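Note sheet for the following structure.
The values are calculated or read from the model by the stated rules, or taken from the named source; none is laboratory data. Quantities reported herein were computed from a predicted structural model and do not represent experimental measurements. Note: ideal-geometry Cβ built from the backbone for every residue, glycine included; neighbour counts use all protein chains shown.
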Amino acid sequence: MSTDLTTPAVGRTTRTRLRTEGLQVGYDDRLVVGADGGLDLDVVEGTVTAVIGPNGCGKSTLLRAMARLLAPRHGHVLLDGERIDRMPSKQVATVLGVLPQDPVAPEGLVVADLVARGRHPHQRWFRQWSPDDEVVVAEALAWTGTSEFADRPLETLSGGQRQRVWISMALAQGTDVLLLDEPTTFLDLAHQVDVLDLVERLHRERGRTVVMVLHDLNLAARYADRLVAMRDGRIACSGAPADVLTEETMREVFGLEAKVVTDPVSGTPLVLPIGRRHRERDDPDS
Amino acid sequence: MTTLADRSAGTRVPRTRRPTLVVGIALVALVVAAVLSIMVGAALLSPAQVWAGLTGTGVDQSVAIVQDLRVPRTLLGALVGIALGVAGALMQGHTRNPLADPGLLGVSAGAGFLLVVAIQFLGITGLYGTVWFGFAGAALASVLVFALASLGGSRAGGPTPVTLALAGVAVSELLIAVTSALVLRDTASLDAYRFWSAGALDDKDSAASLQIAPFILAGLVLAAANAPGLNVLALGEDTARGLGHHVGRARALGIAAITLLAGSAVAVAGPISFVGLVAPHIARFFTGPDHRWLLPVAGLGGATLVLVADVVGRLVVRPGELQVGIVLAVVGAPFFIALVRRRKLARL
């Protein structure tokens, strides 16, 4: 088709794209991730990894460190085997893209201009805007179905449309690896599914390697190849959704009594929480 | 050319209008204001007299008025206005605060402080000496603010918008307090400080413009280099870093540009208020948030504002004059209130 930058080399390999070694990250004097010995994680090419865990378990911090938005205390993040903090930041940005949890944009910024800013890593001061950039931005918009909003200011769009536009920007950046920090927060269920379908397509059709932080366990189980469950800055368990989402890990990681059944739609595990209300009702019967 | 047309439907991007027209209109407005500034004063000159004065072919008196008084003053006003307009747009961009102006970096307080020190302890009175001290004070204050803000900011990325604003207010208040204490001890420096702090363009000859022009030029070059980075920073620091941008470097570049621009303007003309605040808002209304267009239009708009205010100041209390800083405060405040009321100021 085309030789543009949004099409990475697609190949089902087991090559590790992103790896953390003994990673310890914290704010001020508090260590949030990797409390004992540091955190090790391998992200294999062409997979979708969802990081799950209770609030404050360090999953967003881990993602931010992997995206070099936070400098680790100890240990390293390796991108294709090379230490990310030793690579030029702009070079990293051509391989690894990140969508922060709650991105901001100035009022009046039109969608096409926002997506165009995703081309920043490919631009040099003497070559600000090229026809290639133009094509990539147009494709990124078309791909997420936001071409019709191209000349509208971002703030006039709905939350779901806005999130698609941000994903377009990450797409225009043309990176093989994409880190998403809670891409579905603040969206209603239909738009959550919509955004995750988009991620799934990115992975399937474009061979993107995706790591995302997700709150919804059932959606995480449906859309990820691999789940990483975190608690207290450590990886409690990781693996295929069916191996991770068990009644036992629900209790250990989330402190939640739950029944795990098979999702009748997707065949993945479906977590049904048992709150006190239902426990009390069950008690006399059992 | 062909790549776009060949692509399937829906892939054409309507890029935002390139506001070259806005830049053109702003240029025309500035030229009109400059001509007015040369024509109007204690003696009103006709356009023909202005032309004759500029080319040196008219009667001696009008040649003298135009070449020795009005042109230097207009040039200085335009320089100061460009500097304040661009510095204001940079400041608002870096702090993402619509109410930020260059004074927030402590430049005015710093310039006033060293000015008073120079007069009181070093006995420097001439304009040429005090401009250097004013500039040095502005630079020192902004370096101090930047350093303090970096201490409170994120470890890797230098100061954040919030720490910049807090450090700026703290340093400004401290310097103003010390300056007040100093001028109360000495009438000579009180007089000089009083006059300087009103913000004026008169009593300065072409040497003043020459003195600050290199700094303003350097500031404008740095500002232009900062524009693409500022566009990315507007998406938040995480996104900017994710796009491979060095946030700390961009901040340092911006602060250096603001210091050069606002520092030289304040040093020579005193703390002229509202230009750095209002000009970027007017410019943003026409250009949108792209700093590559916003910065030049804010500069041209700032220059126009200063020149118009200076002309008004020469007219309202004839044959006396009102200082440009006072006119801008008197006219600028209601204008700004109207701007806030009519249309919500753009969130940054």
Which of the residues belonging to region A:80-101 are more than 7 Å from chain B (Cβ to nearest Cβ) and part of a helix (DSSP H, G or I)?
-> A:Ile84, A:Asp85, A:Arg86, A:Gln91
What single numbered condition from (1) within 21 Å of A:Val92 (Cβ to Cβ); (2) not assigned by TED's automatic domain parsing to the domain that holds A:Lys59 fails to hold for A:Gln163?
-> (1)
Answer yes if at least one residue in region B:69-84 is outside any loop (DSSP other than H, G, I, E, B), polar (S, T, N, Q) and touching a residue at least 40 places away in the same chain (Cβ under 8 Å), and no otherwise.
-> yes
Name the one entry in A:Val104, A:Val137 that is within 10 Å of chain B (Cβ to nearest Cβ), of a type in the set (A, V, I, L, M, F, W, C), surrounded by 23 or more Cβ atoms within 10 Å (Cβ to Cβ) and within 20 Å of B:Asn231 (Cβ to Cβ).
-> A:Val137
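Could you tell me how many of the residues in region B:243-275 are within 14 Å of chain A (Cβ to nearest Cβ), among the basic types (Lys, Arg) and touching a residue at least 24 places away in the same chain (Cβ under 8 Å)? Before the answer, list the steps.
If we filter region B:243-275 for residues that are within 14 Å of chain A (Cβ to nearest Cβ), which is where we start, we get B:243-250, B:253.
Still in the list and also among the basic types (Lys, Arg): B:249.
Checking the rest, the ones that are also touching a residue at least 24 places away in the same chain (Cβ under 8 Å) come to none.
The total comes to 0.
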Name the one entry in B:Ala200, B:Ala213, B:Ala240 that is under 15 Å from the mean Cα position of the chain (by Cα), more than 16 Å from B:Met91 (Cα to Cα) and either part of a helix (DSSP H, G or I) or without any contact (Cβ under 8 Å) to a residue 24 or more places away in the chain (or both).
-> B:Ala213
Taking region B:216-237 and keeping only residues that are within 10 Å of chain A (Cβ to nearest Cβ), among the hydrophobic types (A, V, I, L, M, F, W, C), free of Cβ contacts under 8 Å to residues at least 60 places away in the same chain and surrounded by fewer than 24 Cβ atoms within 10 Å (Cβ to Cβ), one is left with B:Ala225, B:Val232
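State which residue is surrounded by the fewest Cβ atoms within 10 Å (Cβ to Cβ) when the search covers only region A:117-134 and only residues that are at the interface with chain B (Cβ under 8 Å from one of its Cβ atoms) and farther than 20 Å from A:Gly207 by Cα. Lay out the reasoning, then the answer.
Looking only at region A:117-134, we keep the residues that are at the interface with chain B (Cβ under 8 Å from one of its Cβ atoms), and these are A:117-118, A:120-121, A:123, A:125, A:128, A:131, A:134.
If we keep only those that are farther than 20 Å from A:Gly207 by Cα too, we end up with A:117, A:120-121, A:123, A:125, A:128, A:131, A:134.
Working: A:Arg117: 23, A:His120: 25, A:Pro121: 24, A:Gln123: 16, A:Trp125: 7, A:Gln128: 13, A:Pro131: 11, A:Glu134: 19.
Across region A:117-134, the extreme among qualifying residues is A:Trp125.
Okay, residues lined up against (1) modelled with pLDDT under 85; (2) charged (D, E, K, R); (3) within 16 Å of the chain's Cα centre (by Cα):
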residue	(1), (2), (3)
B:Gly85	no, no, yes
B:Leu90	no, no, yes
B:His94	no, no, yes
B:Val107	no, no, yes
B:Phe113	no, no, no
B:Ile119	yes, no, no
Residue within region B:189-210 that is more than 30 Å from B:Ile38 (Cα to Cα) and not aromatic (Phe, Trp, Tyr) present = yes
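Can you tell me which residue is nearest to the chain's Cα centre (by Cα) among those in region A:121-173 that are in a helix (DSSP H, G or I) and free of Cβ contacts under 8 Å to residues at least 12 places away in the same chain? It would help to see each step written out before you state the result.
Residues of region A:121-173 in a helix (DSSP H, G or I): A:121-122, A:131-143, A:147-149, A:154-156, A:159-172.
Those still in the list that are free of Cβ contacts under 8 Å to residues at least 12 places away in the same chain too: A:131, A:134, A:138, A:142, A:147-148, A:156, A:162.
On the way: A:Pro131: 30, A:Glu134: 26, A:Ala138: 23, A:Ala142: 21, A:Ser147: 23, A:Glu148: 26, A:Thr156: 25, A:Arg162: 17 Å.
The qualifying residue nearest to the chain's Cα centre (by Cα) is A:Arg162.
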